[in-house]
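Colleague: There's a structure below that I have some questions on.
The values are calculated or read from the model by the stated rules, or taken from the named source; none is laboratory data. Small disclaimer: the values here were computed from a predicted structure and weren't measured. No Cβ is skipped: glycine too gets one built from the backbone with ideal geometry, and neighbour counts run over all protein chains shown.
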Amino acid sequence: MNSLRRLFFDIWYVFDPPWDTNITPPELIEFISKHPPGRALDLGCGTGTNAITLAQHGWEVTGIDFASQAIRVARRKARRAAVNAHFLIQDITQLANLRQPFDLILDIGCFHNLKPRERRDYRGNLDRLLEPGGFFLLYAFCRADPASSGSGIVAEDLEEFSSRLELLWRQDGSERGVRPSAWLLYQKPN
């Protein structure tokens, strides 16, 4: 990821970015209520709200974000919450240093901002890091026209995920009543 984009996000996190609500979404709470704790990886974790929620429910959590300001806040929040969550400043497309597989990989609003090459690298990491039988919980904006610019997942992205993972459920909605979005829960075959 380029340094200008990294700087943009670091500056956003000095203030209150609109996506950082400090509220764990009900879709993640529902997932936690139905699955025993294990190892979780939160990609694009921001200030750690969801990683901390997972840790509070017994999960061993690693959160990754390339915005150093977001990770500083996440570490502070985890200390205040008295939970053990591990946070790394890192590009989510370059995760060679992570070795152990995860039972849950969570992405709330990160994948949909990646460029095509970055999406390919992301999927490679997903293949390598998701435990057989593990879950991938994704929230993303949707983009109907793959040729249009801007963020969002397209049908091709969903086909790529479905070629590797089984889609268990999909819930369509909209971001603040305006932008089409979807929650997707996948499971890696055993």
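Colleague: I'd like the full set of residues that are in contact with a Lys or Arg (Cβ under 9 Å, 6 or more places away or on another chain), surrounded by fewer than 16 Cβ atoms within 10 Å (Cβ to Cβ), at pLDDT 95 or above and assigned to a strand (DSSP E or B), limited to segment 139-190.
Modeller: Correct list: E166 only.
Colleague: Of the residues that sit in segment 57-87 and are surrounded by fewer than 18 Cβ atoms within 10 Å (Cβ to Cβ) and touching a strand residue (DSSP E or B) at 6+ places or on another chain (Cβ under 7 Å), which one is farthest from Y122 (Cα to Cα)?
Modeller: Per the criteria, the residue is R75.
Colleague: Still on this model: Applying the selection to segment 169-183, what residues are in contact (Cβ under 8 Å) with a residue 24 or more places away in the chain and within 21 Å of K34 (Cβ to Cβ)? Walk me through it before giving the result.
Modeller: Keep residues of segment 169-183 that are in contact (Cβ under 8 Å) with a residue 24 or more places away in the chain, which gives 171-172, 175, 179-183.
Hits for segment 169-183 are Q171, D172, A182, W183.
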